[in-house]
1. Of the numbered conditions (1) closer than 26 Å to A:Arg221 by Cβ; (2) open to solvent by 30 Å² or more (accessible area, probe 1.4 Å), A:Asp137 satisfies every one except a single condition; which is it?
2. Exactly one of (1) more than 19 Å from A:Pro136 (Cα to Cα); (2) surrounded by fewer than 23 Cβ atoms within 10 Å (Cβ to Cβ) is unmet by A:Ala198. Its number?
3. Hey, which of the strands (runs of 3 or more DSSP E) in the range A:26-117, taking only ones fully inside, have at least 1 residues that are open to solvent by 10 Å² or more (accessible area, probe 1.4 Å) and outside the structural domain of A:Asp151 (by TED's automatic domain parsing)?
4. In the range A:16-25, how many residues are under 17 Å from A:Leu61 (Cα atoms) and either in a loop (DSSP other than H, G, I, E, B) or among the β-branched types (Val, Ile, Thr) (or both)?
5. Quick one: would you say B:Leu134 is within 11 Å of chain A (Cβ to nearest Cβ), on the phi < 0 side of the Ramachandran plot and open to solvent by 10 Å² or more (accessible area, probe 1.4 Å)?
6. Run down A:Leu192, A:Leu184 and say which single residue is open to solvent by less than 10 Å² (accessible area, probe 1.4 Å), out of contact with any helix residue (DSSP H, G or I) (no Cβ under 8 Å at 6 or more places or on another chain) and under 30 Å from A:Asp249 (Cβ atoms).
7. Name the single residue that is surrounded by the most Cβ atoms within 10 Å (Cβ to Cβ) among those in the range A:125-134 being touching a helix residue (DSSP H, G or I) at 6+ places or on another chain (Cβ under 8 Å) and modelled with pLDDT under 95.
Amino acid sequence: MRTAFIDTTTALLDEDPRTALVLADISASQFAPVGRRHPDRVLNVGIREQLMIGVAGGLALTGLRPIAHSYATFLVDRAYEQIKLDLEHQGVGAVLVSIGASYDGSAEGRTHQSPGDVALFDSLGDGWTVRVPGHPDEVRTLLRDAATSDDPIYLRLSEQRNTDAYPDAARLRVLRRGGANAPLVVAVGPMLDPTVAATEGMDVTVAYTHTPRPFDTRGLRALAATDVVLVEPYLAGTSSAVVSRTLADVPHRLLALGVGQTDLRRYGDPADHARWHGLDADGLRRSISAFLGSLGG
Amino acid sequence: MTTTLTTDSSARLPGLIRRLTGDEKHAPSAHSTIDVLQVLYDRVLRVTPDSVDDPERDRFLLSKGHGPAAYYAVLAAHGFIPDAWLDDLAGPESRLGHHPDRRLVPGVEISSGSLGHGLGLAVGTALGLRAQGLHKPRVYVLLGDAELDEGSNHEAIAYAGATGLDSLTAVVVDNSSASYGWAGGIASRFTVNGWTADTVNGRDHDALYAALTGHRPRHPHLVVARTESKG
């Protein structure tokens with residue numbers, strides 16, 4: 001996904017003079033060639049993430065379309081107030097593109113992990129579009145789409161990926177349809193493949209989206225039965241409020257799966273963390289089976 | 001380009017400021033900025049109510065959003081906003097709050113209040129203008145000496161100096177309100193990073209004018225406007 005981001009952004013900088021890129025040293029070497037062609041629109045501010053977002057805000061105030069990029073924890077967590085004030089409060093947009101989602105940086109430890117990034121965007125109100133692609137081909141499409149608008153958009157890239165791309169899955173896309181009133185399982189971004197594997201043989205409807213904000217509430221109301229399961233690659237429960245609001249007048253139960261809140265203080269690889277958080281296929285199957293079997297079972 | 005004296009707002013400002021009430025808390029910071037704002041809008045900035053959307057206009061960013069009474073009065077004196085808006089500061093129907101909002105007030109370039117955001121936005125604005133071949137506009141950003149305590153400013157000071165961002169002028173109104181002061185002087189923090197700097201009496205309009213137009217090629221410029229202590 002990172003390669004798809006670098007290739008697509010490079011092409012956008014060559015094609016569209018409105019596009020600008022702001023970096024804080026991360027990925028700077030990969031963008032050096034395009035930076036030599038467009039030195040005024042490829043800006044590396046050094047290890048200064050607050051300034052990176054401030055500069056993005058200033059660029060947008062002059063009518064450019066800035067793309068700002070770093071690890072999620074530096075781009076979002078560290079510069080949260082700049083996102084809130086230098087973009088949101090100014091009424092201007094940018095495309096923020098992160099890498100290192102959740103436990104991608106497992107070996108780096110907590111300093112390089114940001115499972116709470118999407119929840120932070122929820123705290124900013126409903127203006128932000130949050131895209132969580134599950135495949136590099138989705139990244140290409142979503143980035144090109146983002147570059148043509150003026151909206152505030154967060155693109156959350158991961159090293160975890162699904163086998164197949166569904167670039168049109170901004171709305172819930174049904175990949176497996178269960179029987180009448182079958183429970184609905186919603187997988188976001190790279191959680192699709194483990195979710196499909198986990199629900200093999202279960203009578204459930206599996207729907208996929210790479211765009212949790214704005215959440216496809218119309219699709220949710222159309223597809224939801226009594227039981228709804230969220231499988232998200234960031235903090236567990238991040239979209240619970242959306243589901244609860246959408247189904248406020250409908251009797252339902254909700255199981256929200258995702259990354260746990262506790263800093264595990266462990267290294268290992270992303271597969272280890274997926275297992276520890278119960279987000280591998282076996283863990284998901286255990287949680288979903290227990291939830292669905294807990295009524296009258 | 002020659003800068004011409006466009007307006008002398010001296011006669012109108014005292015009356016306009018008196019119309020603004022309810023902002024006593026931030027009065028010292030409002031009064032410390034009045035002379036800088038007056039010189040900027042009377043004599044320096046190339047922006048009028050008719051050109052607030054013109055890409056070629058100069059930009060003025062009030063980073064130190066506290067105590068904007070003087071700012072609102074100057075905007076009214078120059079016709080950006082109606083005088084009547086001054087009579088209901090921060091009222092339920094007012095467009096003028098204790099911190100300015102660019103979405104509500106014509107001529108206001110940035111929404112500010114929280115310290116430490118204007119200089120980064122100004123750097124981005126200067127870069128964005130340059131990238132679009134707009135080399136005439138200057139970007140002025142006004143900060144307070146205590147606001148410089150915020151670390152975000154130091155990211156911007158270092159970067160603007162290192163890259164020679166010469167369309168940028170920062171104005172620091174120094175009324176000695178920083179908790180620990182600035183040993184060695186405020187200007188030294190900028191010049192060590194490659195800025196040019198002038199430190200002047202913040203009440204002397206001719207000295208302010210010379211400093212505000214005293215930028216040099218290939219360096220961002222700083223004006224330290226010293227006023228009486230906040231006390």
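The values are calculated or read from the model by the stated rules, or taken from the named source; none is laboratory data. The structure displayed is predicted, hence computed values, not measured ones. Methodologically, a virtual Cβ is constructed for each residue, glycine included, from the backbone with ideal geometry; neighbour enumeration extends over all protein chains shown. Areas reflect the complete protein model, heavy atoms only, side chains present, ligands, DNA and RNA absent. Shrake-Rupley method; radii C 1.70, N 1.55, O 1.52, S 1.80 Å.
1. That leaves (1) as the condition not met.
2. Here A:Ala198 meets the rest and fails (2).
3. Working: elements: A:42-44, A:65-71, A:95-99.
Output list is empty.
4. Of the residues in the range A:16-25, 4 are under 17 Å from A:Leu61 (Cα atoms) and either in a loop (DSSP other than H, G, I, E, B) or among the β-branched types (Val, Ile, Thr) (or both).
5. Values: within 11 Å of chain A (Cβ to nearest Cβ): yes; on the phi < 0 side of the Ramachandran plot: yes; open to solvent by 10 Å² or more (accessible area, probe 1.4 Å): yes.
Judged against the criteria, B:Leu134 is a match.
6. Values: A:Leu184 fails: out of contact with any helix residue (DSSP H, G or I) (no Cβ under 8 Å at 6 or more places or on another chain).
Result: A:Leu192 is the single residue among A:Leu192, A:Leu184 that is open to solvent by less than 10 Å² (accessible area, probe 1.4 Å), out of contact with any helix residue (DSSP H, G or I) (no Cβ under 8 Å at 6 or more places or on another chain) and under 30 Å from A:Asp249 (Cβ atoms).
7. A:Gly127
One line per residue, one yes/no per condition, for (1) in contact with a helix residue (DSSP H, G or I) (Cβ under 8 Å, 6 or more places away or on another chain); (2) at pLDDT below 95; (3) farther than 25 Å from A:Gly63 by Cα:
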{"residue": "B:His31", "(1), (2), (3)": "yes, yes, yes"}
{"residue": "B:Tyr41", "(1), (2), (3)": "yes, no, no"}
{"residue": "B:Leu62", "(1), (2), (3)": "yes, no, no"}
{"residue": "B:Asp101", "(1), (2), (3)": "no, no, no"}
{"residue": "B:Tyr140", "(1), (2), (3)": "yes, no, no"}
